[in-house]
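Written below as structure tokens is the structure these notes are about.
The values are calculated or read from the model by the stated rules, or taken from the named source; none is laboratory data. Computed from a predicted structure; not experimentally measured. Note that we place each Cβ from the backbone using ideal geometry, even for glycine, and neighbour counts take in every protein chain shown.
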Amino acid sequence: MDEIASLLEPQIPGLRRYAWALLRDDEAADDLVQDTLERAIRYWAQRRRDGDLKAWLFTIQRNLFIDAVRRRKKHGVRVGVEMLEDAPAVTDTPEGHAGMRDILVGLDLLPEEQRSVLLLVGVEDLSYEQAAQVLDVPLGTVMSRLSRARGRLRDFMENGRGAVLRRVK
Amino acid sequence: MTGERPIGEDDLQAFVDGRLEPSRLQTVKVFLESDPVRAQHVAQEIEQREALRARLAFKAQEPIPARLRVASLVAAQRKPHRFHRPAVAAALAWLALGGMLGAAGGLWWGTRQQQGAEQMIVADSAIAAHRIYVGERLHPVEVPGDQETHLVQWLSRRVGRPLFAPNLTTQGYRLIGGRLLPAGGQAAAMFMYENSGGTRLTLYARSSPGEGETAFRFESQDGISAFSWIDNGLSYVVSARAEREQLLPIAETIYHQFETARGPAKGGL
């Protein structure tokens, strides 16, 4: 067990950050991380010994997230993690730190696959190869998704909230 | 001079991420100097990358909640599960990439002692259930053996693993039915058999995810003998008021039938 703890626990802060960025809810995010860790522990024996632990964990977590979103779409039930794929942060908040808020609003306007690639590469420091594993796409697709995601985010930051809100409506 | 590879969006993204090799970095810098608009875009993207990191940094700096400690999670898994979330397939999709599902001899995190404990708890529950229901005259089973298909489907669904009622006719036992039992927070299945002499035998099965395979373990409580083992994520206990020597071949038969049923897709959880 000590071996598992020493390998898994250093990954927890990053998993929590990625989960929170996807869900934007403290409890739901930690539920998602808990599910991820439980699954990793349960299937510890079957993991690829030569495989990449970080990529494996982020894969589990993203797949759990997507599953939860699909189930929610299918059944229309809101339970725990099954909240918010399309986070409702598009509403205007008159708080300070406007610039910082903007970046999350911009993130929310991207489709999940673009959001995830931005977060995995730009925030969680996964290599492009690791991101390709997590997203289960070829390396070239990671690069073009990253390019599109950053382009859209830049577009949003340039044209401002009003323009984007109009477009969303 | 051999032609240099043209600049691609992959180069520009790697530039934003600061991941270009020095030689390529120089090429990209020269390219951007010649294209001020694109250079400005790249500068903005670098800025936004930093803004996103800064905005999310707090979450990774928080002390992690106690419930996410590996020790807490392992302890919780030792107890019966709260409930089973059906998203295992997601994790397995990735595992399947390695083509190494169920690799023989894989290590597991439990110690042998812990495994023994799990097996012992399951055996205790099975023997207790055997004692209660085998002596029951009117309602030893919930679903009678003539509805075997329904019984097997129902129990498999509740236990969450594909089950079947082993055929023990060569051992002189016929299926008389089965029932669902509570096992902590989860469900256990019990199949009951009877021989021509009226001796009843039960097979108890429940899911034990995360447990490695174990050898047969024998125990005897007040005249009831039981063999238990764990294989492929299921705990099995076969119990009867019989001698060890009589029960062992039956346990082996059951084990082999489940092995065969798993077939060539061995390890396909």
Unmet criterion (only one of (1) more than 20 Å from A:V121 (Cα to Cα); (2) touching a residue at least 40 places away in the same chain (Cβ under 8 Å); (3) hydrophobic (A, V, I, L, M, F, W, C)) for A:I66: (1)
Those residues of segment A:1-53 which are surrounded by 19 or more Cβ atoms within 10 Å (Cβ to Cβ) and either in contact with a His (Cβ under 7 Å, 6 or more places away or on another chain) or of a type in the set (K, R) (or both), in sequence order: A:R16, A:R17, A:R39, A:R42, A:R47
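Matching residues to (1) modelled with pLDDT under 90; (2) out of contact with any Gly (no Cβ under 6 Å at 6 or more places or on another chain); (3) assigned by TED's automatic domain parsing to the domain that holds A:L139:
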| site | (1), (2), (3) |
| --- | --- |
| A:R48 | yes, no, no |
| A:A55 | no, yes, no |
| A:I66 | yes, yes, no |
| A:V79 | yes, yes, no |
| A:V105 | yes, yes, yes |
Selection status of A:D25, under 15 Å from the mean Cα position of the chain (by Cα), farther than 14 Å from A:Q61 by Cα, more than 9 Å from every other protein chain (Cβ to nearest Cβ) and touching a residue at least 40 places away in the same chain (Cβ under 8 Å): yes
Single residue of B:V70, B:V143 found to be modelled with pLDDT of 90 or more and not assigned by TED's automatic domain parsing to the domain that holds B:I224: B:V70
Boolean, A:Q114 is more than 8 Å from chain B (Cβ to nearest Cβ), under 17 Å from B:I46 (Cα atoms) and of a type in the set (S, T, N, Q): yes
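So that you can scan it fast, the table gives a plain yes or no per residue for (1) more than 14 Å from chain A (Cβ to nearest Cβ); (2) under 26 Å from the mean Cα position of the chain (by Cα); (3) within 28 Å of B:R137 (Cβ to Cβ); (4) touching a residue at least 60 places away in the same chain (Cβ under 8 Å):
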position	(1), (2), (3), (4)
B:A165	yes, yes, yes, no
B:S225	yes, no, yes, no
B:N232	no, yes, no, yes
B:Q246	yes, no, yes, no
The listed residue being more than 9 Å from chain B (Cβ to nearest Cβ) and among the β-branched types (V, I, T), out of A:V33, A:V69: A:V69
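Within segment B:152-167, work out how many residues are aliphatic (A, V, I, L, M) and not in a helix (DSSP H, G or I). Let's see the steps before the verdict.
Here is the first cut: in segment B:152-167, the residues aliphatic (A, V, I, L, M) are B:152, B:155, B:159, B:163, B:165.
If we keep only those that are not in a helix (DSSP H, G or I) too, we end up with B:163, B:165.
Adding up the residues that qualify gives 2.
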Of all residues in segment B:121-139 being hydrophobic (A, V, I, L, M, F, W, C) and without any contact (Cβ under 8 Å) to a residue 40 or more places away in the chain, the one that is surrounded by the fewest Cβ atoms within 10 Å (Cβ to Cβ): B:L138
Top-ranked residue of segment A:136-152 - restricted to ones that are crowded, with 21+ Cβ neighbours inside 10 Å and more than 12 Å from B:D10 (Cβ to Cβ), ranked as nearest to the other protein chains (Cβ to nearest Cβ): A:R150
Breaking point among (1) more than 46 Å from the chain's Cα centre (by Cα); (2) within 22 Å of A:L110 (Cα to Cα), for B:E47: (1)
